[in-house]
Structures are given as structure tokens and as C-alpha cells.
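Visitor: Here it is: the structure, laid out below.
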Amino acid sequence: MSLSDPLGDMLTRIRNAQRARHVSCVSPASKLRSNVLDALQREGYIRGYSHEEIRKGITQLHIELKYSEGEPVIKEIHRVSRPGRRVYSKIKELPRVRAGLGVSILSTPRGVLSDVEARAANVGGEVLCRVF
């Protein structure tokens with residue numbers, strides 16, 4: 001089965017797993033998904049993730065979700081730039097998520113970065129998703 005938005009699919013899997021209070025979830029692997037998970041881990045929204053090879057050439061991501069006092073750390077996660085509508089932002093025009101309490105994940109020339117890291121590096125790019 002082909003997906004038109006693989007990153008959106010992964011974000012939906014994370015959102016659904018946290019609503020159901022699962023400890024972890026599984027998603028097909030890709031470089032973009034791994035880079036987004038790296039950014040989420042650096043910002044403290046997930047415990048971690050690992051690659052699992054289910055058969056030759058087919059890899060899955062095993063994502064460990066994070067909870068604080070029984071509540072999910074990720075309260076909202078949604079896709080901003082979609083295949084039908086790409087959203088790009090200069091770093092000076094990038095709005096803060098929930099007055100700085102959340103983060104935006106951007107695809108920049110320096111890789112996939114959170115908005116905090118992108119501001120420090122002074123680079124803009126495609127706004128992939130927002131997390132609070």
C-alpha cells in the first residue's frame with residue numbers, strides 16, 4: 001500500500017498510540033522519519049526510537065513514547081506542510097508555538113531541526129510539523 005504522506009502517517013500513529021496510553025508504537029522507516037524522531041528526542045518529546053529489520057530490505061521504527069505523571073508529554077502533534085500544500089518559512093517569520101512552550105520541526109539546508117535549533121543556526125526551511 002502506498003502512502004501519499006508518510007510523515008503524516010507516522011505522526012498519526014504517535015498521536016493515536018498516546019491517546020490509547022501505549023508505551024510504544026511502530027512505523028515504517030525512512031530517513032525523513034528518523035530525522036524527525038531525532039529532533040523530537042532532542043527536544044524531550046519521546047524517550048527514543050530504534051530500527052528493527054523485519055525482513056531483508058524492510059525496516060520499521062520502534063518508537064518509545066514518553067509520559068509525565070501518567071499524562072502524555074505530547075499534547076498536540078500535527079502536520080503543517082502537506083504534499084498538496086508546502087509551507088516554507090524564513091526564520092524571522094516563523095511563529096512561536098504556544099508562546100514558546102511547543103516546537104516546530106523544520107527541514108532546513110542543515111538537516112531536520114527544531115525551531116530553537118534553527119533560530120540558533122539562523123536558517124529557515126519547510127515547516128514539517130508542530131508539537132506541543
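The values are calculated or read from the model by the stated rules, or taken from the named source; none is laboratory data. Given the structure is predicted, the values throughout are model-derived calculations rather than measurements. No Cβ is skipped: glycine too gets one built from the backbone with ideal geometry, and neighbour counts run over all protein chains shown. Quick note on the areas: whole protein, heavy atoms, side chains included, nothing else; ligands and nucleic acids left out. Shrake-Rupley method; radii C 1.70, N 1.55, O 1.52, S 1.80 Å.
Visitor: Residue check, LEU65 against (1) out of contact with any Cys (no Cβ under 8 Å at 6 or more places or on another chain); (2) without any contact (Cβ under 8 Å) to a residue 60 or more places away in the chain, all met but one. Which one?
Guide: Against the list (1) out of contact with any Cys (no Cβ under 8 Å at 6 or more places or on another chain); (2) without any contact (Cβ under 8 Å) to a residue 60 or more places away in the chain, LEU65 comes up short only on (1).
Visitor: Then there's this: Restricting attention to region 57-80, which residues are open to solvent by 20 Å² or more (accessible area, probe 1.4 Å), among the β-branched types (Val, Ile, Thr) and under 14 Å from GLN18 (Cβ atoms)?
Guide: Within region 57-80, just VAL73 meets the criteria.
Visitor: From the list ARG55, ARG19, ARG33, which one is under 10 Å from the mean Cα position of the chain (by Cα) and of a type in the set (Lys, Arg)? Spell out how you get there, then give the answer.
Guide: Working: ARG55 fails: under 10 Å from the mean Cα position of the chain (by Cα); ARG19 fails: under 10 Å from the mean Cα position of the chain (by Cα).
Exactly one of ARG55, ARG19, ARG33 is under 10 Å from the mean Cα position of the chain (by Cα) and of a type in the set (Lys, Arg), namely ARG33.
Visitor: Here's another thing I want to ask about it. State whether one or more residues within region 15-23 are surrounded by fewer than 20 Cβ atoms within 10 Å (Cβ to Cβ), among the basic types (Lys, Arg), in a helix (DSSP H, G or I) and touching a strand residue (DSSP E or B) at 6+ places or on another chain (Cβ under 7 Å). It would help to see each step written out before you state the result.
Guide: Step one: filter region 15-23 for residues surrounded by fewer than 20 Cβ atoms within 10 Å (Cβ to Cβ), giving 15-17, 19-23.
Okay, now just the ones that are also among the basic types (Lys, Arg), so 15, 19, 21.
Applying the additional criterion that residues be in a helix (DSSP H, G or I) yields 15, 19.
Subsequent filtering for residues that are touching a strand residue (DSSP E or B) at 6+ places or on another chain (Cβ under 7 Å) retains 15.
Checking region 15-23: at least one residue is surrounded by fewer than 20 Cβ atoms within 10 Å (Cβ to Cβ), among the basic types (Lys, Arg), in a helix (DSSP H, G or I) and touching a strand residue (DSSP E or B) at 6+ places or on another chain (Cβ under 7 Å).
Visitor: Continuing with the same structure: Here is a check on your reading of the model: is GLU126 under 17 Å from the mean Cα position of the chain (by Cα) and buried (at least 19 other Cβ atoms within 10 Å of the Cβ)? Show your work before the answer.
Guide: Details: under 17 Å from the mean Cα position of the chain (by Cα): yes; buried (at least 19 other Cβ atoms within 10 Å of the Cβ): no.
For GLU126, the condition - under 17 Å from the mean Cα position of the chain (by Cα) and buried (at least 19 other Cβ atoms within 10 Å of the Cβ) - is not met.
Visitor: With the checklist (1) surrounded by 14 or more Cβ atoms within 10 Å (Cβ to Cβ); (2) over 20 Å from PHE132 (Cα atoms) in hand, flag the one item SER107 doesn't pass.
Guide: The number of the failed condition is (2).
Visitor: In region 44-62, how many residues are of a type in the set (Gly, Ala, Ser), out of contact with any Asp or Glu (no Cβ under 9 Å at 6 or more places or on another chain) and free of Cβ contacts under 8 Å to residues at least 24 places away in the same chain?
Guide: Looking only at that region, the number is 1.
Visitor: Here's something else I'd like to know. Is it the case that region 2-10 has a residue that's in contact with an Asp or Glu (Cβ under 7 Å, 6 or more places away or on another chain) and assigned to a loop (DSSP other than H, G, I, E, B)? Steps first, please.
Guide: Applying the first criterion (in contact with an Asp or Glu (Cβ under 7 Å, 6 or more places away or on another chain)) to region 2-10 yields 3.
Of the ones still in play, those that are also assigned to a loop (DSSP other than H, G, I, E, B) are 3.
Yes: region 2-10 contains one or more residues that are in contact with an Asp or Glu (Cβ under 7 Å, 6 or more places away or on another chain) and assigned to a loop (DSSP other than H, G, I, E, B).
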